[in-house]
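Quick notes on the structure that follows.
Just so you know, all these numbers are worked out from the coordinates, no wet-lab data involved. Since we're looking at a predicted model, the values are computed, not measured. When we count neighbours, we look across all protein chains shown, and the Cβ atoms used for this are built from the backbone with ideal geometry, even at glycine.
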Amino acid sequence: HTGSPLDRPAKALKAGDHGVPGGENMILYPDGSVRYLSVRESARVQTFPDNYLFLGSWTEAMRQLGNAVPVKLAEIVGKSVAGALRGHLLKTEKLSR
């Protein structure tokens, strides 16, 4: 397993449990050892707030996190879409006058 070095951005999480090829859900330490990310660490990678609770087993939580869109990315995309829709509505209102 390769894992993500502590001083580098994390790899994209995969919706799986142990045995994920490529070490996407793992941390690589400077001495070469690796370990799986905790649910909380994975949630931070996906920018979930620290008080967000994941129910179920580690495997179920990791599946949820691997399938999730990072919270901050969703916020940015949502704001962009909302802005585009507002602009479209303003243009539509001007045309109908």
Original post:
With each run of n ≥ 4 DSSP H residues scored as -39500 (n - 2.57), what mean residue ellipticity at 222 nm is computed for the chain after dividing by its residue count and rounding to the nearest 500 deg cm²/dmol?
Top reply: -14500 deg cm²/dmol
**OP:** Return the sequence-ordered ³J(HN,Hα) values of the range 81-90 in whole Hz as given by the Karplus equation 6.51 cos²θ - 1.76 cosθ + 1.60 applied to θ = phi - 60°, using x for Gly and Pro.
**Re:** 5, 4, x, 5, 5, 4, x, 5, 5, 4
Original post:
What dipole magnitude, in Debye to the nearest 20, does the range 4-68 give about its Cα centre under +1 on Lys/Arg Cβ and -1 on Asp/Glu Cβ?
Top reply: 100 debye
Subject >> Charge-dipole axis of the chain as Lys and Arg at +1 and Asp and Glu at -1 on Cβ define it, positive-most pick from Leu6, Gly32, Val45 >> reply: Val45
**OP:** For the range 40-90, build the convex hull from the C-alpha positions and give me its volume per residue in Å³.
**Re:** 81 Å³
Subject >> Pairwise FRET efficiency - Tyr52 versus Leu85, Cβ, R0 = 25 Å, nearest 0.05 >> reply: 0.35
Original post:
Taking the structure as given and computing semi-axes √(5λ) of the Cα gyration tensor in Å, which label from [x] 18, 16, 12; [y] 34, 15, 11; [z] 38, 15, 11 fits?
Top reply: [z]
Original post:
In the chain, how many lysine pairs have Cα atoms under 30 Å apart, counting only pairs 8 or more places apart or on different chains?
Top reply: 7
